1. Criterion first (of a type in the set (S, T, N, Q) and modelled with pLDDT of 90 or more) does Gln248 satisfy it?
2. Which members of the range 74-126 meet the condition of being at pLDDT below 85, surrounded by 13 or more Cβ atoms within 10 Å (Cβ to Cβ) and among the basic types (Lys, Arg)?
3. Taking Phe199 as the residue in question, decide whether it is modelled with pLDDT of 85 or more and not assigned by the TED database to the domain that holds Phe95.
4. Find the residue count for the range 45-73, including only residues that are in contact with a Ser or Thr (Cβ under 9 Å, 6 or more places away or on another chain) and either polar (S, T, N, Q) or open to solvent by 50 Å² or more (accessible area, probe 1.4 Å) (or both).
5. Condition first: touching a helix residue (DSSP H, G or I) at 6+ places or on another chain (Cβ under 8 Å) and either among the aromatic types (Phe, Trp, Tyr) or surrounded by fewer than 16 Cβ atoms within 10 Å (Cβ to Cβ) (or both). Now tell me which residues in the range 24-34 satisfy that.
Amino acid sequence: MALADSASGLSNGGDADSPFPEIIELNVGGQVYLTRHKTLISVPDSLLWQMFNQKTPKELSRDSKGRYFLDRDGFLFRYILDYLRDLNLVLPDYFPEKCRLKREADFFQLQDLSKRLSPKVSKENSISEEISQSDPEEVGFLGGAGGSTTSLEPTRFVSTMTSTHARSQSLESRKSGYITVGYRGSYTIGRDAQADAKFRRVARITVCGKTSLAKEVFGDTLNESRDPDRPPERYTSRYYLKFNFLEQAFEKLSEVGFRMVACSSTGTCAYASNDPSEDKIWTSYTEYVFCRD
């Protein structure tokens, strides 16, 4: 059954020649957005411009409620949409997902946005290359008294010493603090006490602590969709991990110098039904406290 255009937007009060309504409703990876048609086509030759300017509504995918559907990262699309509104890029002070946002910009064929998100110096480049590109006078001094840069050995030596010193400083300047990892689990014990317990999958591993520490340890595996714009020096208890293996969380904490200092667990028991002879369901909540001095 064809879906009516009114399901994906309000009345067409924009361009009379366009088959799309003035207000368009999008479903991007499960996140719903409401925006103007002219915002989506603000960048010529972009993917959204091609979709909503070169195609007709019948050619585009829709969800069960008639909203135009895009199978992309719904959280990061908010920054794509912000950019389309005024062609300015504004990100939170601490934003660890620039690489993923650049991937989204490449997908939507937003070349200018992709360039802004590209790192000025790649990970493979040494500090000497950054110096030679940004400060020619400093390179001339390192090359010799006459300013010649034909010999690069002194520059390489200084860059190696600088990078080594920077790494040692980064290790020394690592912030101390605490991170608490928690999870809920449940299992069922049958009437036969000798029967194997039936364990359920751990639904979610939560992370509590300072935002900057949590992002340093878990990086892209940290799901911060419930608290996306929290400043790095503020605390939160709303983060959780994108994986369900405690050992993986412990390894990540250990790799950056955290050690376990305490743990606690609580449990409750209930019957699956009013019949005491039926299976018992045990539910537990456990927290592990990690510290880095």
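1. Details: of a type in the set (S, T, N, Q): yes; modelled with pLDDT of 90 or more: yes.
It is true that Gln248 is of a type in the set (S, T, N, Q) and modelled with pLDDT of 90 or more.
2. Correct list: empty.
3. Values: modelled with pLDDT of 85 or more: no; not assigned by the TED database to the domain that holds Phe95: yes.
No; evaluated as a whole, the condition is false for this residue.
4. 6
5. Gly29, Tyr33
The values are calculated or read from the model by the stated rules, or taken from the named source; none is laboratory data. Worth saying up front: this structure is predicted, and the values here are computed from it rather than measured. Every residue, glycine as well, gets a Cβ built from its backbone with ideal geometry; the counts of neighbours run over all protein chains shown. For the accessible areas, the whole protein counts, side chains as well, though only heavy atoms, and no ligand, DNA or RNA atoms are used. Shrake-Rupley method; radii C 1.70, N 1.55, O 1.52, S 1.80 Å.
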